[in-house]
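Student: Sharing a structure here in structure tokens format.
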Amino acid sequence: MLMAKVVGSVVSTQKDESLVGKKLMIIQPINSEQQEIRFQQVAADTVGAGIGDYVLLTSGSSARKLFSTSSDAVDYAIVGIIDTFDF
């Protein structure tokens, strides 16, 4: 499981059929101190996250299993919204 901040959204009128109806968000992976790590990615949103939210992500086959078929063109999926970071 990964953590990220939602920094934007993507609108695409021409896309693979498996992406039709999916809300696509630009995410910036972060560490536990909320510092940016790696590079931005696009994730399919399953929980109604918005720009500025900190979220939990799943990737690869775990992300694809959230949707109707395992052949969906999804590498990252937002599966939770983080309320707080407690140490």
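The values are calculated or read from the model by the stated rules, or taken from the named source; none is laboratory data. Treat the numbers as computed from the prediction; the structure is a model and nothing was measured. Positions of Cβ are backbone-derived with ideal geometry, glycine not excepted, and every protein chain shown enters the neighbour counts. Note: areas computed on protein heavy atoms with side chains; ligands, DNA, RNA excluded. Shrake-Rupley method; radii C 1.70, N 1.55, O 1.52, S 1.80 Å.
Student: Among the residues of region 1-42, what is the count of those that are among the small types (Gly, Ala, Ser) and either closer than 15 Å to Tyr54 by Cβ or at pLDDT 95 or above (or both)? Don't jump to the end; show me each part of the working.
Tutor: Just the residues of region 1-42 that are among the small types (Gly, Ala, Ser), to begin with: 4, 8-9, 12, 18, 21, 32.
Then keep just the ones that are either closer than 15 Å to Tyr54 by Cβ or at pLDDT 95 or above (or both); that gives 4, 8-9, 32.
The number of residues fulfilling the criteria is 4.
Student: For Ala43, state whether it is under 21 Å from Asp83 (Cα atoms) and not in a loop (DSSP other than H, G, I, E, B). Before you say what the answer is, go through the steps one by one.
Tutor: Values: under 21 Å from Asp83 (Cα atoms): yes; not in a loop (DSSP other than H, G, I, E, B): yes.
Answer is yes for this residue.
Student: Which residue, of Asp53, Asp75, is open to solvent by 80 Å² or more (accessible area, probe 1.4 Å) and on the phi < 0 side of the Ramachandran plot? Let's see the steps before the verdict.
Tutor: Values: Asp53 fails: open to solvent by 80 Å² or more (accessible area, probe 1.4 Å).
After applying the criteria, what remains is Asp75.
Student: I would also like to ask the following. Which count do you get for residues in region 56-67 that are out of contact with any Gly (no Cβ under 9 Å at 6 or more places or on another chain), surrounded by fewer than 17 Cβ atoms within 10 Å (Cβ to Cβ) and outside any loop (DSSP other than H, G, I, E, B)?
Tutor: Here the count works out to 3.
Student: Still on this model: Output the residue which, of all residues in region 3-40 that are over 25 Å from Asp86 (Cβ atoms), of a type outside the set (S, T, N, Q) and assigned to a loop (DSSP other than H, G, I, E, B), is least open to solvent (accessible area, probe 1.4 Å).
Tutor: Checking each candidate, the answer is Lys22.
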